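Notes follow the structure.
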Amino acid sequence: MNTDYVLRLALESEAFVATLEQQPTLGKIISGEASREDYVAYLIATYHYVRWSGFLLAKTARGLRANERCPTLLSVLDAKAEEEGPHDTWLLRDLRSLGLNPYLVRGSAMPTAIRAYVEWSSTLADAGSPAFLGAAYTLEFISMRRAKTAADNLRRRGTIPNIERALRFLEGHGVADHGHIAELDAVLAQVRDESAQADIALSSEVLRRLYPRFFAVES
C-alpha cells in the first residue's frame, strides 16, 4: 500500500455517501422529509457517537506517543480532539430546541452499532494504531457531502416545529468539513507505514458498515 490509499479512502467514502439515501432515517433527513420523531431519533443517535469523538482522537494520540508511531499525525490529532470535543453540545442544543431534556438524552441507551464502533476504535487506539483517523475521515466526508443539503431541505420544508433553531449541528458540519477533509488528505498522505495505512483503511471500512446501523430501530 502507498499514498494512493488516501485517494481510495476518498473514492470509497464518496461511493458510500451515495448510498445513504437508501437508509430509512438518513434518507428522510437528507431529503428534508423527516418528521419531528425521525429528526429527534437521528439527533440522539448522532449525539451518542459524536460524544466519543474527542476522547477517541485523544486516545489515538496517546497510543501513538506511547508506541512512538506516526509522529506527523500527533499535532492534527491533538487539534481535532480539542475541536471535536464540544460538538455533542450542538446536538443537545438542537434537541432542547425540539423540546427534549438534554439530561435524559445523555442517559439514554447507546445503540449497539455505536457501542461496537466505540469499542473497536478504542481498542486499536490502545494498541498504538492511528486507525481511528479512517473512521473520522469518512464521518467528515459524510458531513461535507450531505449535512448542508439536509439542513437546507429541512428548513425549506419547514414541517418540524422550531426547525430553524435545531440545525446547529448540521449547518456547522456542512460548512466546516470541506476544510477538514483537505487537511486530512494532506496529513494522511504523509503516513508511510503500510500497517498504519492498512489500519486507517480498515477503520473507514468498519465505519461504513456500521454507520447505517447507528440509526436502525433496535428490537
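Read-outs: derived from the displayed coordinates by stated rules, not from any lab. Given the structure is predicted, the values throughout are model-derived calculations rather than measurements. Every residue, glycine among them, receives a Cβ derived from its backbone with ideal geometry; neighbour counts consider all protein chains shown.
Taking a straight line from the alpha carbon of residue 80, these lysines sit under 18 Å away, with near neighbours fewer than eight places off in the same chain left out: 59. In this simple spin-label approximation, residue 22 and residue 82 carry label points 7 Å from Cα along the Cα→Cβ vector, and these lie 4.2 nm apart. Taking GluC sites (Glu not before Pro) in DSSP loop states with no more than 10 other Cβ atoms inside 10 Å as exposed sites, the chain has its longest site-free stretch at 69-217. Could you check how many percent of all C-alpha pairs in region 16-57 are farther apart than 10 Å? In whole percent, the long-distance tail amounts to 73. Considering only 49, 143, 102, whose Cα is most displaced toward the positive end of the charge dipole of region 20-166, charges sitting on Cβ of Lys, Arg (+1) and Asp, Glu (-1)? Result: 102.
According to the Kirkwood relation over distinct C-alpha pairs, the hydrodynamic radius of the chain is 17.6 Å.
Charging the Cβ of each Asp and Glu at -1 and of each Lys and Arg at +1, and nothing else, the dipole of the chain about its Cα centre rounds to 660 debye. Can you list the aspartates and glutamates whose alpha carbon is less than 16 Å from that of residue 28, not counting same-chain residues fewer than 8 positions off? Output for residue 28: 37, 38, 152. When the charge dipole of region 4-213 is built from unit charges on Cβ atoms (+1 for Lys and Arg, -1 for Asp and Glu) and taken about the Cα centre, the candidate among 72, 85, 121 whose Cα reaches farthest toward its positive end is 85. At 222 nm, what helix-only mean residue ellipticity would the chain give, in deg cm²/dmol to the nearest 500, using -39500 (n - 2.57) for each DSSP H run of four or more? Only helices count here, giving -22000 deg cm²/dmol.
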